[in-house]
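Heads up: the structure comes next, in structure tokens.
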Amino acid sequence: MLLRQLTLDNGGPMSRNLAIISGFTLMILSCLPLRGLADDTALARKLLNSQGCKACHSLEGDGGKDAESFEEIRDRLSWAEIRFQLINQERIHAYGKMPDYSHLSDAEIEALIYFIKPVQ
């Protein structure tokens with residue numbers, strides 16, 4: 001009887017636990033940006049320069065002083081919050097002072113996010 005309850009075929013406790021664990025795993029993974037482009041620092045650095053980010057933000061002491069440094073952003077914001085600052089439905093960024101970057105591809109956004117806040 002105990003063996004029957006543990007099988008996956010009859011929807012027993014093991015099946016329910018597996019479904020719960022799978023659901024949580026998918027939820028967590030869907031919140032994390034794609035890992036593949038995270039290591040593409042060359043792309044992220046190129047974007048920081050070509051998109052004019054360093055006109056206002058500084059990186060490693062180099063760049064503008066009108067906004068937070070990327071190091072401060074890394075320490076203060078989550079990946080999701082950084083994504084929201086780059087692209088959002090309302091197109092509101094830094095009280096209208098920051099341009100909208102929704103024209104960037106998903107891969108470019110992911111590269112920027114992981115460059116600003118790398119996985120530790």
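The values are calculated or read from the model by the stated rules, or taken from the named source; none is laboratory data. From a predicted model like this one, the values you see are computed outputs, not experimental measurements. Cβ sites come from the backbone with ideal geometry, for glycine too, and all protein chains shown count toward neighbours.
Can you say whether residue 105 is over 20 Å from residue 46 (Cα atoms), hydroxyl-bearing (Ser, Thr, Tyr) and at pLDDT 90 or above, as far as the supplied structure shows?
Numbers: over 20 Å from residue 46 (Cα atoms): no; hydroxyl-bearing (Ser, Thr, Tyr): yes; at pLDDT 90 or above: yes.
Spelling it out, it is not the case that residue 105 is over 20 Å from residue 46 (Cα atoms), hydroxyl-bearing (Ser, Thr, Tyr) and at pLDDT 90 or above.
Which count do you get for residues in region 56-76 that are surrounded by 13 or more Cβ atoms within 10 Å (Cβ to Cβ) and outside any loop (DSSP other than H, G, I, E, B)?
Step one: of region 56-76, the residues surrounded by 13 or more Cβ atoms within 10 Å (Cβ to Cβ) are 56-59, 63-64, 67-71, 73-74.
The next check asks that each one be outside any loop (DSSP other than H, G, I, E, B); those that pass are 58-59, 63, 70-71, 73-74.
Total satisfying the criteria: 7.
Consider residue 53 carefully, then state whether it is under 22 Å from the mean Cα position of the chain (by Cα) and at pLDDT 90 or above.
In short, yes.
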